[in-house]
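This report refers to the structure that appears directly beneath it.
The values are calculated or read from the model by the stated rules, or taken from the named source; none is laboratory data. Quick caveat, the model's predicted, so the values are computed rather than measured. We place every Cβ from the backbone using ideal geometry, glycine too, and count neighbours over all the protein chains shown. Accessible surface is based on the protein model in full, side chains and every heavy atom, while ligands, DNA and RNA are left aside. Shrake-Rupley method; radii C 1.70, N 1.55, O 1.52, S 1.80 Å.
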Amino acid sequence: MRVAVVGAGPAGIYASDILSREIPGIAIDLFDRLPAPYGLVRYGVAPDHPRIKGIVSALNKVLARGDIRLLGNVDIGTDLTQADLAAHYDAVIFATGAIHDAALDIPGIDLTGSFGAADFVSWFDGHPDYPRTWPLEAREIAVIGAGNVALDVARMLAKHPKDLASTEIPANVAQGLAASPVTDVHVFARRGPAQAKFTPLELRELGHVPDVDVVVYPEDFDFDEGSQAAMEESNQVRQVVTTLTDWALNDPAESTASRRLHLHFLHRPVEVVSDGAGHVAGLVTERTVLVGDGSVTGTGEMVTTPVQALYRAVGYFGSPLPDVPFDQTRGVIPNDGGRVLGADGSPIPGMYATGWIKRGPVGLIGSTKSDARETVSHLVADLREGIGLRPVVEGSEDDADVLALLAERGVEVTTWQGWELLEAHERALGEAEGRERIKVVPREEMVAISRAGAPVGAGE
């Protein structure tokens, strides 16, 4: 039996690993649109967070075994259609994640200088599909959101580039950040401190960024019955509130850093203000008040904060694939326990989903593992009952290797051995500058190194 897994991030790798153990000897092809594996762990985690990037070590061990075939630089839906997958595989698991920004429907959100946080993260992580430059011209910046992505974006905007010099940050990103004139970054949360979705470690990290003061406002601190209950039930919430409260007690006269990171609570974004020429000039927020259960209502009091750029960090959203059902409201592939559902609500034989494209962009690595386990259990049960994309006929023309088809179409496929070449090249670039690694950014260069070794001058 053959199974295709689409998406070589944690969700796809975990699903492949579990499946390989459930059915020893099964042939698994792990596809990715990018030349390199690891998905959001490589392209969605801030470069100054090597602790989180350590997840790559565990994923690396799975792929290094050799029983899962990595096929990178293959765009499912373009290079291979769903009909192609049905002809070559008994089942397909979609693990394409959620890489785009959720929408924020307020007036002015489309002005020049308004960005999605996911796009910015992809840029500073060296995603090959994003431009090499980023417009960093604002002195005052707003970030809308109350989760770790909002903190990552705010920290990267406020942090001095010299304090990122030891990370794997690409050279073009370091150059762009070095030219930024930013002095103030404002993070706005609609609810109160007890409702913030920051993790304690991420939040405390802000207090240790050199030459950046964290500013919080005592008038933004309110705790209703819902807040008190949240603090009593969750040690994580208590730690977040304690950290924020300690910062609120700081003497403003002691804030002498050249850059400031402001945390505003109980502020609902209402409108992005234009400068008259189509560029962001400010953010209007409405003061909110907690109503007893941890939710808020507006007070009618409006506050305008001058900013010249804005980043929305209100969540991620999945992307549709050709000929695959998609829920445009939730940004997921409709499914029941991982079995993909058709328009009539019944499972489509041989099609499965796992990870964020299955459940939405929530949960951590532990959730991704349990997700994969559920999906694979249903896939295995179906295959054992003969339910799949195609009848298994040994020696049929459909058993021809998919690599031959991709070669016919001129697709430059990258493999695990190619990734090892690319990784070695990135580490060599980093070693030359006293770093662990420096990412290679252009897709063409990544493919060339993966397929033929590092050419002279690569990475320059």
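Filtering the range 381-402 to residues that are surrounded by fewer than 17 Cβ atoms within 10 Å (Cβ to Cβ) and either touching a Lys or Arg at 6+ places or on another chain (Cβ under 6 Å) or modelled with pLDDT of 95 or more (or both) leaves only A381.
Residues that are over 14 Å from E140 (Cβ atoms), under 28 Å from the mean Cα position of the chain (by Cα), not in a strand (DSSP E or B) and not hydrophobic (A, V, I, L, M, F, W, C) within the range 280-313 comprise G294, S295, listed in sequence order. Among the conditions (1) acidic (D, E); (2) open to solvent by 40 Å² or more (accessible area, probe 1.4 Å); (3) part of a helix (DSSP H, G or I), D84 misses just one, which is (2). Checking each residue in the range 15-52 for being aromatic (F, W, Y) and over 30 Å from S166 (Cα atoms) picks out only F31.
Take G331 and decide whether it is open to solvent by less than 20 Å² (accessible area, probe 1.4 Å), at pLDDT 95 or above, among the small types (G, A, S) and under 22 Å from the mean Cα position of the chain (by Cα). Yes, satisfied.
The set of residues in the range 10-41 that are among the aromatic types (F, W, Y) and free of Cβ contacts under 8 Å to residues at least 60 places away in the same chain comprises F31, Y38.
Hey, does the range 11-22 have a residue that's assigned to a loop (DSSP other than H, G, I, E, B) and either of a type in the set (S, T, N, Q) or out of contact with any Ser or Thr (no Cβ under 8 Å at 6 or more places or on another chain) (or both)? Among the residues of the range 11-22, not one is assigned to a loop (DSSP other than H, G, I, E, B) and either of a type in the set (S, T, N, Q) or out of contact with any Ser or Thr (no Cβ under 8 Å at 6 or more places or on another chain) (or both), which makes the answer no. Screening V362 with (1) hydrophobic (A, V, I, L, M, F, W, C); (2) surrounded by 17 or more Cβ atoms within 10 Å (Cβ to Cβ); (3) farther than 26 Å from D110 by Cβ; (4) in contact with a helix residue (DSSP H, G or I) (Cβ under 9 Å, 6 or more places away or on another chain) gives one miss only, at (2). Selection of first residues in the range 43-58 that are touching a residue at least 24 places away in the same chain (Cβ under 8 Å) and open to solvent by less than 40 Å² (accessible area, probe 1.4 Å) and of second residues that are of a type in the set (S, T, N, Q) and assigned to a helix (DSSP H, G or I), restricted to Cβ pairs under 8 Å at least 6 apart or on distinct chains, gives the following pairs, ordered by first then second residue: Y43/S122; G44/S122. Has the range 119-139 got at least one residue that is in contact with a helix residue (DSSP H, G or I) (Cβ under 9 Å, 6 or more places away or on another chain), surrounded by fewer than 19 Cβ atoms within 10 Å (Cβ to Cβ) and not in a loop (DSSP other than H, G, I, E, B)? No: zero hits.
On the given criteria, is E436 at pLDDT below 90, open to solvent by 40 Å² or more (accessible area, probe 1.4 Å) and closer than 21 Å to K162 by Cβ? Judged against the criteria, E436 is a match. When only residues in the range 102-118 that are touching a His at 6+ places or on another chain (Cβ under 7 Å) and more than 24 Å from V332 (Cβ to Cβ) count, which is least open to solvent (accessible area, probe 1.4 Å)? Filtering first and then ranking leaves G113. For the residues F188, F221, the requirement of being in contact (Cβ under 8 Å) with a residue 60 or more places away in the chain and under 22 Å from G298 (Cβ atoms) singles out F188. In the range 33-47, the residue that is nearest to the chain's Cα centre (by Cα) out of those that are part of a loop (DSSP other than H, G, I, E, B) and over 17 Å from E426 (Cβ atoms) is G44. When N148 is tested against (1) under 22 Å from P200 (Cα atoms); (2) surrounded by 24 or more Cβ atoms within 10 Å (Cβ to Cβ), only condition (2) is not met. Can you find a residue in the range 86-109 that is over 25 Å from P320 (Cβ atoms) and either small (G, A, S) or touching a Leu at 6+ places or on another chain (Cβ under 7 Å) (or both)? Yes, there is a match, as at least one residue in the range 86-109 is over 25 Å from P320 (Cβ atoms) and either small (G, A, S) or touching a Leu at 6+ places or on another chain (Cβ under 7 Å) (or both).
Return yes or no: is L406 under 18 Å from A64 (Cα atoms), touching a residue at least 40 places away in the same chain (Cβ under 8 Å) and surrounded by 18 or more Cβ atoms within 10 Å (Cβ to Cβ)?
no
Okay, residues lined up against (1) open to solvent by 20 Å² or more (accessible area, probe 1.4 Å); (2) in contact (Cβ under 8 Å) with a residue 40 or more places away in the chain:
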site: G276; (1), (2): yes, no
site: T297; (1), (2): yes, no
site: G318; (1), (2): no, yes
site: P322; (1), (2): yes, yes
site: P349; (1), (2): yes, yes
site: T354; (1), (2): no, yes
